[in-house]
Amino acid sequence: MNLNQKQARYAGIGLIVLGVIAIFNLWWLIPAALLAGGGVAIYQRQRALGRRGEAVQALLWGIGLAVLLLLDFVFPGVLLLGGASLLLRGREGQADDRVQAAVARFGRRRTPAMPASQAPVAQPQPPATVVSTDPGASETVRLR
């Protein structure tokens with residue numbers, strides 16, 4: 001089996017996460033992580049297909065169910081999530097634009113902006129002069 005670098009990176013990260021979960025006994029976190037990851041994966045796939053409405057709804061339900069599961073607020077939370085889903089209908093495009101803006105803000109580097117270094121402006125050079133002291137000597141070109 002030939003793993004490319006991206007697959008190897010994902011496998012390595014997955015093994016590290018699994019090791020941290022085992023060390024700290026965080027098995028209760030796995031269902032919520034799967035729900036959130038599934039919501040994000042479906043969002044990306046549906047958005048790539050041009051189905052923004054379905055993408056936003058999948059993201060809302062995936063992340064929402066994960067949060068509700070972590071807060072142990074599942075039954076009443078599903079009712080709230082269903083209401084939010086109904087209120088979001090018809091406004092998925094605006095919600096998607098806001099999600100993309102938030103991701104763009106989060107994805108920017110947090111390092112302070114450094115001004116571009118000012119390169120010296122090139123000055124026009126005077127033409128080269130031919131200096132000859134001895135008529136029998138070869139010509140020497142001096143550049144200033």
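Each reported figure results from applying straightforward, stated rules to the coordinates on display, with no laboratory input. These numbers were taken from a predicted model, which means no experiment stands behind them. In this analysis, Cβ positions are derived from the backbone assuming ideal geometry, glycine residues included, and neighbour counts consider all displayed protein chains.
For R105, are the conditions met, namely being out of contact with any Asp or Glu (no Cβ under 8 Å at 6 or more places or on another chain) and part of a helix (DSSP H, G or I)?
yes
Looking only at the stretch 22-65, which residues are more than 24 Å from G93 (Cβ to Cβ) and of a type in the set (A, V, I, L, M, F, W, C)?
A22, I23, F24, L26, W27, W28, L29, I30, A32, A33, L34, L35 - these are the residues of the stretch 22-65 that are more than 24 Å from G93 (Cβ to Cβ) and of a type in the set (A, V, I, L, M, F, W, C).
Of these, L69, L81, which one is part of a helix (DSSP H, G or I) and farther than 20 Å from V99 by Cα?
Of L69, L81, the one residue that is part of a helix (DSSP H, G or I) and farther than 20 Å from V99 by Cα is L69.
For the stretch 84-94: of the residues being in a helix (DSSP H, G or I) and free of Cβ contacts under 8 Å to residues at least 24 places away in the same chain, which is farthest from W28 (Cα to Cα)?
Here the answer is Q94.
What's the number of the condition G50 fails, among (1) closer than 28 Å to R98 by Cα; (2) assigned to a helix (DSSP H, G or I)?
(2)
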